[in-house]
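Engineer: The following block contains the structure, expressed as C-alpha cells.
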Amino acid sequence: MTKSLSYIHPNAQISDNVVVEPFSTIQEDVIIGEGTWIGPNVTIMNGARIGKNCKIYPGAVIAGEPQDLKFEGEHTTAEIGDNTTIRECVTVNRGTKDRHKTVIGKNCLIQAYSHIAHDCLVGDNCIFSNSSTLAGHITVGDYVVLAGMVAIHQFCEIGSHAFVTGGSLVRKDVPPYIKVAREPLSYAGINSVGLRRRGFSPDQIAEIQNIYRVLFVRHSNLAKALSLLEAEFKATEIRDEIIMFIRNSNRGVIKGFSQSKISG
C-alpha cells in the first residue's frame, strides 16, 4: 500500500497495492480491494466495502451515515464493485435497517457531484452523469444511463438498459430497455442505440420495439396491453422481463406520450 500524509486507521483492511493519495481519511471498518486508487482529500468512512481496481477522485465521501431520521446507528455498509470509478465530490451513504446496505455494482462510472442515498441498489455497468441524485431505497438495473442532473424519487425502480435524459424528474418506475424524457416524464422510444452497442440482435430490438408499441403507443389501458402481450406475443425472456417489471411496480410506471408519434 502506498500512502502519504493521509490518516488510515490501523484496523482498516487495505490490500498491499492500493494507492492512497495525500490528505485522505480511511476509518476503521473499511475494506479496499487490490489495485484501487484513492485520490487526495477522499473520506472513506466506517462500513465501506470497495472492490478491486476502483478509482475514487478528490472530495468523494464513501459510506457516510444515512440522511434518514429513522437511522439509529445500526451496522450497515456501502459497497462498491470492482472496476468502478467514483468522480469528484460524489457522496455514497451507507444503508439503514431497511436493506442494511447501499450497493454500486461493477464497472460503473459515477460522475462528479452525484449522490447515492441510503439503501440504493445499483447494478453493473451503469453510468450516472454529473449531479445525478438518487433518493433512498432506489433500485437501478444493469447498463442504466442517467444524463446530467437527473433526480429520482425514493423507492423508484429503473429497469436495465434504460436511458433517462438530462434534467429529468423521475417520480415513477422506468421499465427496462427504453428512453424517457419530457415533463412530466414519458416514454420516448426504446434505447435502440444502447441496445445495439451492447450486442442485442436486430430481432431482439424489433421485439422490444413491438412490445412497447403495444404498451405505450397503441393502448392507453396498461392492464389490457399486458393481457394482449401475454395472449398474442411469444413468451421470451425479454417479454416476460418487461411484463413482470410492470406488474410488480409499486409506484406505477411512467406513461406513454400521446401527443406525437413515437419511434424506437
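Engineer: Tell me which of these T102 doesn't satisfy, since it passes every other one: (1) farther than 30 Å from V214 by Cα; (2) part of a strand (DSSP E or B); (3) open to solvent by 20 Å² or more (accessible area, probe 1.4 Å).
Structural biologist: Every listed condition holds for T102 apart from (3).
Engineer: Mind telling me which of the residues P176, P184 ends up being over 19 Å from the mean Cα position of the chain (by Cα) and either in a strand (DSSP E or B) or under 24 Å from H137 (Cβ atoms) (or both)? Give the derivation first.
Structural biologist: Working: P176 fails: over 19 Å from the mean Cα position of the chain (by Cα).
From the options P176, P184, the qualifying one is P184.
Engineer: In addition: Please go through the range 198-219 and give me each residue that is loosely packed, with under 11 Cβ neighbours inside 10 Å and either touching a Cys at 6+ places or on another chain (Cβ under 6 Å) or part of a helix (DSSP H, G or I) (or both), ordered by number.
Structural biologist: Quick first cut of the range 198-219, residues loosely packed, with under 11 Cβ neighbours inside 10 Å only: 199, 201-203.
Hits for the range 198-219 are P202, D203.
Engineer: Of the residues in the range 78-111, how many are in contact (Cβ under 8 Å) with a residue 40 or more places away in the chain and hydrophobic (A, V, I, L, M, F, W, C)?
Structural biologist: The number of residues fulfilling the criteria is 0.
Engineer: A follow-up question, please. In the range 113-129, what residues are in contact (Cβ under 8 Å) with a residue 40 or more places away in the chain and either open to solvent by 50 Å² or more (accessible area, probe 1.4 Å) or farther than 21 Å from E65 by Cβ (or both)?
Structural biologist: Step one: of the range 113-129, the residues in contact (Cβ under 8 Å) with a residue 40 or more places away in the chain are 117-119, 124.
Within the range 113-129, D124 is the sole residue that qualifies.
Engineer: Does V42 satisfy being open to solvent by less than 40 Å² (accessible area, probe 1.4 Å), farther than 24 Å from Y113 by Cβ and among the β-branched types (V, I, T)?
Structural biologist: On the way: open to solvent by less than 40 Å² (accessible area, probe 1.4 Å): yes; farther than 24 Å from Y113 by Cβ: no; among the β-branched types (V, I, T): yes.
No: the conditions fail for V42.
Engineer: I've got another one for you. Could you tell me whether the range 181-192 includes any residue that is free of Cβ contacts under 8 Å to residues at least 60 places away in the same chain and open to solvent by less than 10 Å² (accessible area, probe 1.4 Å)?
Structural biologist: no
Engineer: Restricting to the range 220-251, and then to whatever is open to solvent by 70 Å² or more (accessible area, probe 1.4 Å) and part of a loop (DSSP other than H, G, I, E, B), can you tell me which residue is farthest from K179 (Cα to Cα)?
Structural biologist: Within the range 220-251, the first condition is being open to solvent by 70 Å² or more (accessible area, probe 1.4 Å), and the residues that meet it are 220, 224, 230-232, 234, 237, 244, 247-248, 250-251.
Then keep just the ones that are part of a loop (DSSP other than H, G, I, E, B); that gives 220, 234, 248, 250-251.
Numbers: S220: 18, K234: 24, N248: 20, N250: 20, R251: 18 Å.
For the range 220-251, the residue satisfying everything is K234.
Engineer: So which residues in the range 59-78 are open to solvent by less than 60 Å² (accessible area, probe 1.4 Å) and under 21 Å from the mean Cα position of the chain (by Cα)?
Structural biologist: Start the filter on the range 59-78 by keeping residues that are open to solvent by less than 60 Å² (accessible area, probe 1.4 Å), which leaves 59-64, 66, 68, 71, 73-74, 76-78.
Across the range 59-78, the qualifying residues are G59, A60, V61, I62, A63, G64, P66, D68, T76, T77, A78.
Engineer: Of (1) modelled with pLDDT of 95 or more; (2) more than 19 Å from the chain's Cα centre (by Cα), N83 satisfies all except one. Which?
Structural biologist: If we test N83 against (1) modelled with pLDDT of 95 or more; (2) more than 19 Å from the chain's Cα centre (by Cα), just (2) comes out false.
Engineer: Something else: Take the residues in the range 130-162 that are hydroxyl-bearing (S, T, Y) and within 24 Å of A60 (Cα to Cα); name whichever of them is surrounded by the most Cβ atoms within 10 Å (Cβ to Cβ). Before the answer, list the steps.
Structural biologist: Initially, the range 130-162 is screened for residues hydroxyl-bearing (S, T, Y), giving 131-133, 139, 143, 160.
Now narrow it down to the ones that are within 24 Å of A60 (Cα to Cα): 131-133, 139, 143.
Details: S131: 19, S132: 27, T133: 17, T139: 18, Y143: 24.
The residue in question is S132.
Engineer: T165 versus (1) surrounded by fewer than 17 Cβ atoms within 10 Å (Cβ to Cβ); (2) modelled with pLDDT under 95; (3) among the β-branched types (V, I, T): which is the lone unmet condition?
Structural biologist: Status for T165: all satisfied but (2).
Engineer: Under the condition of being of a type in the set (A, V, I, L, M) and under 11 Å from the mean Cα position of the chain (by Cα), which residue from the range 99-116 is farthest from G73 (Cα to Cα)? Spell out the reasoning first.
Structural biologist: Narrowing the range 99-116 to residues of a type in the set (A, V, I, L, M): 103-104, 109-110, 112, 116.
Subsequent filtering for residues that are under 11 Å from the mean Cα position of the chain (by Cα) retains 103-104, 109-110, 116.
Working: V103: 18, I104: 21, L109: 29, I110: 27, I116: 19 Å.
The extreme case among them is L109.
The values are calculated or read from the model by the stated rules, or taken from the named source; none is laboratory data. Since we're looking at a predicted model, the values are computed, not measured. Don't worry about glycine lacking a Cβ; one is built from the backbone with ideal geometry, like all the others, and counts go over all protein chains shown. The area values use the complete protein model at the heavy-atom level, side chains included, leaving out ligands, DNA and RNA. Shrake-Rupley method; radii C 1.70, N 1.55, O 1.52, S 1.80 Å.
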